[in-house]
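Working notes, structure below.
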Amino acid sequence: MAAGPVSAERAGRPRGRLGLPRAHFRRLGSTNEHARALAAAGAPHGTLVTAAEQSAGRGRQGRTWSAPPGRALLCSLVVRSLPRLLPLAAGVAVASEVGATSVAAEHARLKWPNDVLIDGRKVAGILVEGRPQEGWAVIGIGVNVAVRPEELPAELRERAGTLGLTPAAIEPTLARLLERLEEWLEAPDAAILDAVRARDALLGRPVSWAGGSGVGAGIDDDGRLLVATASGRVALDAGEVHLGA
Ligand code: BTN
């Protein structure tokens, strides 16, 4: 596993700023939606919204995100410091926590830009939304901490995974994840890129996207996905990439 960045403590920055104030809901439409409203109304850096259940969980690319009630970590964090590689930094933080928690032999991998996979199955997803011009973003994170595979919708069962823990593990997972986010959101670009590259699930693998297909060829210094295609190397900076031709 890649080494962590210089800790905020050692660098003289205060710890524990993330996660307060916190609003927790037994059931909510979407923690991202709620956190966005709080951010737009001036909520401070570190504000956290969590829910045991979402009725309208949102995923990337306009998809929905569903999880059985009380079995997943569902949280959204308001940040007012926006590192250039924010989505990748969030992905590394989540992957490092998931990799440390999981009983799976293989450490967690990142499918660009920030899906977290164990043994090829997605165990965590991240949706970063924001208004950079207003100086805020919301990092929405869903981790299948205690989800039982049979509880997942049939269409997800093939591709989704779980940490296989109990619901009691959700809160401690959140606490550790906030510490990891604290570190990785302050990390230098080079450390983030090293960590992403060390976990790159697409390297050397066939990939396809709306505009073409090729073989994953790494991550460039701007955090873009490089793909070797029949007509040369391309760099993708947004969108959805699928594993497999
Ligand atoms: C994805 O992989 O498509 C991103 C999924 C992000 C899901 C989380 S769950 C908590 C937060 N609230 C939402 O509505 N979405 C994110």
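Structural remarks
- Candidates ALA154, ALA52, ALA146, ALA90: the one that is closer than 27 Å to ALA198 by Cβ, among the small types (Gly, Ala, Ser) and in the same structural domain as ALA23 (by TED's automatic domain parsing) is ALA90.
- Among the residues of the range 39-73, those identified as under 16 Å from the mean Cα position of the chain (by Cα), open to solvent by less than 50 Å² (accessible area, probe 1.4 Å) and touching a residue at least 60 places away in the same chain (Cβ under 8 Å) are LEU48, THR50, GLY57, GLY59, ARG60, ALA67, ALA72, LEU73.
- Residue in the range 159-179 that is open to solvent by 50 Å² or more (accessible area, probe 1.4 Å) and among the hydrophobic types (A, V, I, L, M, F, W, C) present: yes
- The set of residues from the range 217-233 being over 24 Å from PRO83 (Cβ atoms) and touching a residue at least 12 places away in the same chain (Cβ under 8 Å) comprises ALA217, VAL227, ALA228, THR229, ALA230, ARG233.
- Residue list for the range 74-88, filter: closer than 14 Å to ALA124 by Cα and buried (at least 24 other Cβ atoms within 10 Å of the Cβ): LEU74, CYS75, SER76, LEU88
- Residue match in the range 164-182 (condition: within 18 Å of LEU73 (Cα to Cα) and at pLDDT below 95): yes
- Among the residues making up the range 88-114, those that are in contact (Cβ under 8 Å) with a residue 60 or more places away in the chain and not hydrophobic (A, V, I, L, M, F, W, C) are GLY91, SER96, GLU97, GLY99, THR101, SER102, HIS107, ARG109, LYS111, PRO113.
- Test: residue in the range 103-110 that is more than 15 Å from the ligand (Cβ to nearest atom), under 23 Å from ALA154 (Cβ atoms) and at pLDDT below 95: yes
- Restricting attention to the range 55-74, the residues that are near the ligand (Cβ under 6 Å from one of its atoms) and in a strand (DSSP E or B) add up to 2.
- Among the residues of the range 188-213, just one is open to solvent by less than 40 Å² (accessible area, probe 1.4 Å) and more than 19 Å from ARG109 (Cβ to Cβ), namely GLY212.
The values are calculated or read from the model by the stated rules, or taken from the named source; none is laboratory data. Bear in mind the structure is a predicted one, so any value in this text is a computation, not a measurement. Cβ: placed from backbone, ideal geometry, glycine included. Neighbour counts: every protein chain shown. Each accessible area value is taken on the protein alone, full model and side chains, heavy atoms only, with ligands, DNA and RNA left out. Shrake-Rupley method; radii C 1.70, N 1.55, O 1.52, S 1.80 Å.
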